[in-house]
Amino acid sequence: MKRAALFVAIVVLAWTAWDTGSDPIRLVRGLPWIVDILRRMLPPDLSVLPAALLGAVKTVEIALLGTAVAAVLALPLGFLSARNVAPASVFHPARATLNFFRSVDTLVYALVFVAAVGLGPFPGVLAVIAYTTTSLAKLYSEAIEGIERGPVDAITATGATRLQILKFGVLPQVLPLFLSYVLYRLETNIRAATVLGFVGAGGIGFYLQTYLRAIEYAAASTVLLVTVLMVMVVDALSSKLRARLV
Amino acid sequence: MIEITGLSVVLPPAVPVLHGIDLVVRPGEFVVILGRSGAGKTTFLRSINRLVTPTAGTVAIAGRNVTAAGPVELRELRRRIGMIFQQFNLVRRASVLDNVLAGRLGYVPALPSLLGRFPATDRDVALACLGEVGLASLAHRRADTLSGGEQQRVAIARALAQSPDVILADEPTASLDPALTGSIMDILRRINVDRGLTLIVSQHQLETALAYATRIVGFHRGRIRFDGPPSAVTPAVVDLIYGDGAPR
């Protein structure tokens, strides 16, 4: 059984390697070109630093606004798709809807929204909202499903209404988790938003793509450095905040 | 008066737990339900305030049918029945006072309570109840920073805040250090004597049950095997309740 599985795995992987034209020799032949690009990227052209910083701020704005709006929109969806809160007739369609929309990446949403509302950061914000709402709703619903039954029973036994049970028995258990998920999403959305500019949805990616197209590698490397720095700073801030939550 | 008639519970998927329980509890009694784990004590207590829905039979409190009550009447009945749990069931991240205030939820105006606002009189009730269990000084601590015994006392204060006629306590000392059993049971006795509340407490510890109860009801495999005063609990009765000559 184990051997058969291993054999199948090897055959499948070998075929994918052949079908994708994955050839180590081609990579080795390409190495000089990579070295050449790296050489041309150095030293970074710092004259484009103001533009790169401006782009970075835009990217953070896109991620921040998109995540904040999504964090709120995901609340009702999260409760509707939690097995222990919503009736089966609501839960199943809600879960299916979430899974459907979550399987589309932020970048694809950006393409759609650029076509709909035009170029700039706004379609980027919309794309972040579209993806993050459904992915946060999924995380929320899992947090709700993982709550302790005991406090909910205790609040129910006091004669509380359904909404009071939610507010006093459920929310205190899930809110810190919700906040932690939102921060985590903010981190990944900053990274996702760096490439939104590639499809015309604003932010630092726009500059990166522009300089790469113009073969201004030294300028592009400045943009890349700013991107890395921005992501690292946000990650550090966010994980510090998250550590204090749980 | 609590009248339980023909109470049967089958828990999903198809586990029969209680088989036609008949029991009348008079006001002011301190009833201890005795039995091994799995005898149906927890399910019995949870059927009284309908945290578990009975499969057959009725529960009536002061002549009002709990089993047939609609949502509004059920909430009204529940607020007069305090409940204490083996695992305390406090909201860990909330303050001690907020946990006790939850006992007032059946009385306070709904909308302000959802915003976390409680009338001053209800706060006073909650603080008084905390004082009654000797924890007034810990009102603003987070619940999960308290010891197990303290947490159970907060849970008792929460039940008292309901201004109940009846308190149900499901193995209130089972997850505590044995040395704390007496202190918790003493508080329950004081509530019974001073406030005149009816108590129905489940216990698996024989000595504790005999020391505090005014009436012992012995459960064995979902049926009542014994019902009488502690003085009538002979070794033969103990065998009957714990069954099959097994050590208790």
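The values are calculated or read from the model by the stated rules, or taken from the named source; none is laboratory data. Keep in mind that this is a model prediction, so the values were computed, not measured. Backbone-built Cβ (ideal geometry, glycine too); neighbour counts: all protein chains shown. Calculation scope for accessible area: heavy atoms of the full protein, side chains included, ligands and nucleic acids excluded. Shrake-Rupley method; radii C 1.70, N 1.55, O 1.52, S 1.80 Å.
If B:ALA110 meets every condition in (1) farther than 24 Å from A:ILE147 by Cα; (2) facing another protein chain (nearest Cβ under 8 Å); (3) not β-branched (Val, Ile, Thr) apart from one, which number is that one?
B:ALA110 satisfies every listed condition except (1).
How many of the residues making up the range B:103-133 are assigned to a helix (DSSP H, G or I) and either more than 23 Å from B:ASP194 (Cβ to Cβ) or open to solvent by 10 Å² or more (accessible area, probe 1.4 Å) (or both)?
16
Among the numbered criteria (1) part of a helix (DSSP H, G or I); (2) in contact (Cβ under 8 Å) with a residue 60 or more places away in the chain, which single criterion is violated by A:ALA201?
(1)
Tell me the residue from A:PHE91, A:PHE178, A:PHE79 that is within 14 Å of chain B (Cβ to nearest Cβ) and either open to solvent by less than 50 Å² (accessible area, probe 1.4 Å) or assigned to a loop (DSSP other than H, G, I, E, B) (or both), please.
Being within 14 Å of chain B (Cβ to nearest Cβ) and either open to solvent by less than 50 Å² (accessible area, probe 1.4 Å) or assigned to a loop (DSSP other than H, G, I, E, B) (or both) holds for just one of A:PHE91, A:PHE178, A:PHE79, which is A:PHE178.
Would you point out which residue out of A:ALA219, A:ALA243, A:ALA137, A:ALA201 is under 22 Å from A:GLY66 (Cα atoms) and either at pLDDT below 90 or acidic (Asp, Glu) (or both)?
Exactly one residue qualifies, and that residue is A:ALA201.
Exactly one of (1) more than 26 Å from B:VAL100 (Cβ to Cβ); (2) touching a residue at least 12 places away in the same chain (Cβ under 8 Å) is unmet by A:VAL174. Its number?
With (1) more than 26 Å from B:VAL100 (Cβ to Cβ); (2) touching a residue at least 12 places away in the same chain (Cβ under 8 Å) applied to A:VAL174, the lone miss is (1).
Take B:ALA179 and decide whether it is more than 15 Å from the chain's Cα centre (by Cα) and part of a helix (DSSP H, G or I).
yes
Could you please let me know if B:SER137 is under 24 Å from B:ARG75 (Cβ atoms), open to solvent by 40 Å² or more (accessible area, probe 1.4 Å) and of a type outside the set (Val, Ile, Thr)?
no
Could you please let me know if B:ILE81 is surrounded by 24 or more Cβ atoms within 10 Å (Cβ to Cβ), facing another protein chain (nearest Cβ under 9 Å) and touching a residue at least 60 places away in the same chain (Cβ under 8 Å)?
So B:ILE81 fits the description; yes.
Going residue by residue through the range A:131-151, is there one that turns out to be outside any helix (DSSP H, G or I), within 24 Å of the chain's Cα centre (by Cα) and surrounded by fewer than 19 Cβ atoms within 10 Å (Cβ to Cβ)?
Yes, some residue in the range A:131-151 is outside any helix (DSSP H, G or I), within 24 Å of the chain's Cα centre (by Cα) and surrounded by fewer than 19 Cβ atoms within 10 Å (Cβ to Cβ).
If you scan the range B:46-78, which residues turn out to be part of a helix (DSSP H, G or I), within 12 Å of chain A (Cβ to nearest Cβ) and open to solvent by less than 20 Å² (accessible area, probe 1.4 Å)?
B:ILE48, B:LEU74, B:LEU77 - these are the residues of the range B:46-78 that are part of a helix (DSSP H, G or I), within 12 Å of chain A (Cβ to nearest Cβ) and open to solvent by less than 20 Å² (accessible area, probe 1.4 Å).
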